[in-house]
Structure formats: C-alpha cells, structure tokens
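The values are calculated or read from the model by the stated rules, or taken from the named source; none is laboratory data. Owing to the predicted nature of the structure, the values given are computational and were not obtained by experimental measurement. Methodologically, a virtual Cβ is constructed for each residue, glycine included, from the backbone with ideal geometry; neighbour enumeration extends over all protein chains shown. For the accessible areas, the whole protein counts, side chains as well, though only heavy atoms, and no ligand, DNA or RNA atoms are used. Shrake-Rupley method; radii C 1.70, N 1.55, O 1.52, S 1.80 Å.
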Amino acid sequence: MKFLLTSAGIKNPSIREALVDLLGKPIEECSALCIPTASYGHPLKPTVAWAFIAGHASTPMCELGWRSLGVLELTALPSIDRDGWVSLVEQTDVLLVNGGDALYLAHWMRESGLSDLLPTLQDTVWAGLSAGSIVMTPRIGEDFVHWRAPSGDDTALGIVDFSIFPHVDHVALPENTMANAEKWAAELGNPAYAIDDETAIKWVDGAVEVISEGHWRRFD
C-alpha cells in the first residue's frame, strides 16, 4: 500500500500532485472510498463526518472529482458479508480517511479486519487527514488521546515508524505550536514529524518524502 499522510487533506497543488503520482493516473479516472469512522470517537461530533462525505469541510478529499465515490463505515463491517466489502476495497484506487480520533479509528480498523487487509493492497493509496494519518503511526502521544482504547495506551497501527503532530500553528488550535510539538516528540521514543496544514508525508515501501508548501520539522 502507498500512503499520503496529510494534516488537512489535499490543501495545495503540491499535495495534489503527490496524490496523482501515487495513483498513477488522473483523479477523474480513479475510484475512491471515504472512511468517516474516526469522526465518531472525537468530541467534534458526527456532523464532521457528514461534512467530510459531502465535501463541505475545509479539508479537501471527497470533492476532488473522483470517477466514483462510496462510503466505507468501519463500525458496520463486522455485521455484513466480509467477501463483499473486501472485494470492493480490493477494486478501489484510493481510501480517503477522515480525521477525528486516531485510537478510535485504529480500534475499528482492527475490529473490522481492515488493518489485516492493508498489506495485501499493494497498489491502493491511503490518503489520510489528521487522525486518518496519525492512525498509521506507532504512537500518537498522550496529548492526542481522547477516546481511550481497551489497551489503555496510546499505540496506533505502527505501519510507519514515525509519529505525526498535525495542524502546527493552526489559528484555531493555539496549543499546537512547534515548541509543544518538540515536547510531545521527546516523550515518544521514535522519530516524529510536526506538520502544518500545507504539508503531507508520502510513504512508499519505507521511503519517506515530505511534500510541503508550508512548514514542518522532523524530530529524531
């Protein structure tokens, strides 16, 4: 699987170009499934899920002009035929994954079986925003724990080997400063990136490339 881990979606031409490069063809020729699940574990409430799906959020994903667009709600998957949704995912070019609560998303990725399926999706792109990106990391850090997982810790899926601090210097998040990101990173025990909303991280087979029209920092 190929990953485009963003802070706030496809916010600028550079991030869009990186997405098209991962897809290997124009957006207009690609099928997409959006995953709103993380929204329900976060205090932002389910209205955020609707805005994401409808393309009314400030985090561009679903409104980019996909050839087809569907919804993959992870909390529903354990109750429906597995072969049906697995086949659908396998035929899809890109998974668009909303923000919200990363640990809630990780929990339902495991419960639904989607996390087990990911290693088999060699050509599929995972395009995450905020929690949809953070979920791929080894740890999210206590600063970002809202919904408490059954394990009681802050571990996510660990598909990539670095953590992500999103929304650096966002006007609505005064606590998301680069100085606070540095303190957060010092407690993790693994590499980390602090990225603003104009930045994304492209990850393919362990190779990392930062795509940015804003500012970011790596912490080792």
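A few points about this structure:
- Helical runs (DSSP H, four residues minimum) scored at -39500 (n - 2.57) apiece and divided by the length of the chain put the mean residue ellipticity at 222 nm at -7000 deg cm²/dmol.
- Rg(Cα)/(2.2 N^0.38 Å) for the range 99-155, N = residue count: 1.12
- Taking a ≥ b ≥ c as the square roots of the eigenvalues of the Cα gyration tensor, the range 58-170 is classed as oblate, since a/c reaches at least 1.5 and a/b does not exceed b/c.
- Rounded to whole Hz, the Karplus (6.51, -1.76, 1.60) HN-Hα couplings of the range 211-220, x for glycine and proline: 10, 8, 10, x, 9, 7, 8, 9, 10, 9
- Stokes-Einstein diffusion for the range 121-220 at 37 °C, viscosity 0.692 mPa s, with a Kirkwood radius from C-alpha pairs, works out to 235 µm²/s.
- For ALA156, distant residues with modelled amide H under 5 Å away: ARG139, ILE140
- Relative contact order (percent, whole number), the chain, Cα cutoff 8 Å, 6+ residue spacing: 26 percent
- Residue (of LEU88, THR47, TRP66) at the positive-pole extreme of the range 40-113, dipole from beta-carbon charges: THR47
- Phi angles of the range 119-131 translate, via the Karplus equation with coefficients 6.51, -1.76, 1.60 and θ = phi - 60°, into HN-Hα couplings of x, 8, 9, 5, 9, 7, 9, 9, 10, x, 10, 6, 4 Hz per residue; Gly and Pro are given as x.
- Distance between modelled label sites at GLU63 and ALA76, nm, 7 Å Cα→Cβ extension: 2.3 nm
- Rounded to whole numbers, the Karplus 3J(HN,Hα) couplings from phi for the range 172-186 are 8, 10, x, 7, 8, 8, 5, 5, 5, 5, 5, 5, 4, 5, 5 Hz, using 6.51 cos²θ - 1.76 cosθ + 1.60 with θ = phi - 60°, and x at Gly and Pro.
- Interatomic Cα distance distribution for the range 1-71, bins of 5 angstrom, percent: 3, 15, 25, 28, 17, 9, 3, 0
- Accessible surface for the chain, divided over its residues, is 43 Å² per residue with a 1.4 Å probe.
- Here the convex hull built on the C-alpha positions of the chain has a volume of 111 cubic angstrom per residue.
- The apolar share of the surface of the range 1-120, taken as the fraction of accessible area on carbon and sulfur atoms (1.4 Å probe, ligands and nucleic acids excluded), comes to 53 percent.
- Shape of the range 48-91, Cα gyration tensor, a/c cut at 1.5: oblate
- Counting all C-alpha pairs of the range 1-130, share separated by more than 23 Å (%): 26 percent
- When both the range 68-94 and the range 143-220 are represented by their alpha-carbon centers, they are found 28 Å apart.
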